[in-house]
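Here is the structure we will look at, set down as structure tokens.
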Amino acid sequence: AKAMSEEDKLYRFNGVLYPILMCPEEHLKCLVDIKAREDDIMLVAYPKCGFNWMVGVMKKIIAEATQMKNESKMPPLMEFFGPEVMKVLTSSPSPRFLGTHLHPDNMPPSFIQKKPKTVVVFRNPKDTLVSFYHFCNNNPVLPSTSWESFFSKFMKGDVAWGSYFDHASAWNKKMDDPNVMVVTYEELKQDLSKGIRQISSFLGFSLTDAQVQQIAEASTFKAMKESSANSHGNMGNVFFRKGVQASNHFKNIEFIQ
Ligand code: A3P
């Protein structure tokens, strides 16, 4: 990644910017062939809205509820799948756990038909922007950038995975679909156990209070940061940066009803 110029790190696929090293065209072209199952469990979040947090939480919920050891070697994001992972995906037992940063219009068509249960995580735009800015400057696959430049690109949607605002308003329109549940970073931060209970019951699982508490304790920012070398290697400190709700602007945003 070092030899690559900053501008070359992102490229457009179907009009949306992606990091070329993680999501080369060969990988993104596979997406359309993913065959969703009704019992897949989906996680959707725009970058930096708490995706990795919920990956940890939801994998633990699924493992507790199904007694399945989730030893899946699939990357948490579908956009990272390539031809090899597609084979693993086909042979994986249900329920499969799949994540994405995609806008609903860019989801593989079979997800629209099969309507698997989908948890969508929102985070207020100000904290998402700040988090994304730091991420770009600490992740070699994304272009380093000044605050001014990143700010204007974020507002225009000229960043990896496109516009935060289009993503949020498009997913928000799906809020009342029976297979969609919207949670916010802010609510989860305020009461993680409550969030775990709500997500579990949405997925049709009933966990004991002890199980909920155990998952919540293992999923605090501190706990996840401490174990991040295992989960994210040398990118641990980059993914688990600060983990706070810095701004209170969320409640004023129109798309949250
Ligand atoms: P900050 O950069 O504001 O710290 P994503 O996983 O979608 O890339 O989101 C990353 C953001 O989620 C980072 O925000 C990260 O610190 C925060 N995060 C990760 N785990 C968390 C946790 N257990 N509790 C609260 N925030 C968490």
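What follows draws every value from the coordinates through simple rules; no lab data is involved. Because the structure is a prediction, the values reported are computed rather than measured. All Cβ positions, glycine included, derive from the backbone under ideal geometry; neighbour counts span all protein chains shown.
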Proxy exposure order for 122, 81 (fewest C-beta within 10 Å first) is 81, 122
As a percent rounded to 5, the proportion of antiparallel DSSP bridges among beta bridges in the stretch 7-252 is 20
Filtered hits (lysines, Cα-Cα < 19 Å from residue 60, offset >= 8 within chain) -> 69, 73, 117, 189, 194, 222, 225
For the pair residue 173 and residue 112, the simple spin-label estimate (label points 7 Å beyond Cα toward Cβ) gives in nm 1.1
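Let me have the 222 nm mean residue ellipticity of the chain computed from DSSP H runs of 4+ only, each contributing -39500 (n - 2.57), with the sum over all residues rounded to the nearest 500. List each step's numbers first, then the result.
Working: 13 runs with 112 residues, N = 257.
Computed mean residue ellipticity for the chain: -12000 deg cm²/dmol.
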The local net charge around residue 20, scoring Lys/Arg +1 and Asp/Glu -1 for residues other than residue 20 whose Cβ lies under 13 Å from its Cβ, equals -4
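Would you mind working out the magnitude of the charge dipole of the chain relative to its Cα centre, with +1 at each Lys and Arg C-beta and -1 at each Asp and Glu C-beta, to the nearest 20 Debye?
Numbers: 30 positive and 27 negative charges, 61 e Å.
With only Lys, Arg, Asp and Glu charged at Cβ, the dipole is about 300 debye.
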The exposure ranking of 11, 18, fewest beta-carbon neighbours within 10 Å first, is 11, 18
Listed by chain and number, the aspartates and glutamates with an alpha carbon less than 18 angstrom from that of residue 114, same-chain partners under 8 positions apart left out, are 33, 38, 39, 40, 105, 176, 177
Loop-resident trypsin sites (Lys or Arg not before Pro) in the stretch 37-97 with no more than 11 other Cβ atoms inside 10 Å, DSSP not H/G/I/E/B, are 69, 73
The relative contact order of the stretch 46-116, taking Cα pairs under 8 Å that sit 6 or more residues apart, comes to a percentage of 31
Projected onto the charge dipole of the stretch 1-113 (unit charges on the beta-carbon of Lys, Arg, Asp and Glu, signs +1, +1, -1, -1), the Cα from 99, 55, 20 with the largest positive-side position is that of 55
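Checking understanding here: applying a Kyte-Doolittle mean of at least -0.5 and a length along the axis of at least 20 Å (C-alpha), which whole DSSP H helices in the chain pass?
Working: long enough: 51-66 (22 Å, 0.68).
Those that clear 20 Å and a mean of -0.5 are 51-66.
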Placing each pseudo-label 7 Å from Cα in the direction of the beta carbon, residue 25 and residue 3 end up separated by a distance in nanometres of 2.1
One finds, for residue 33 and residue 94 with R0 = 25 angstrom and r their Cβ-Cβ distance, a FRET efficiency to the nearest 0.05 of 0.85
Inter-part gap, Cα centre of the stretch 128-145 to Cα centre of the stretch 1-68, in whole angstrom, is 17
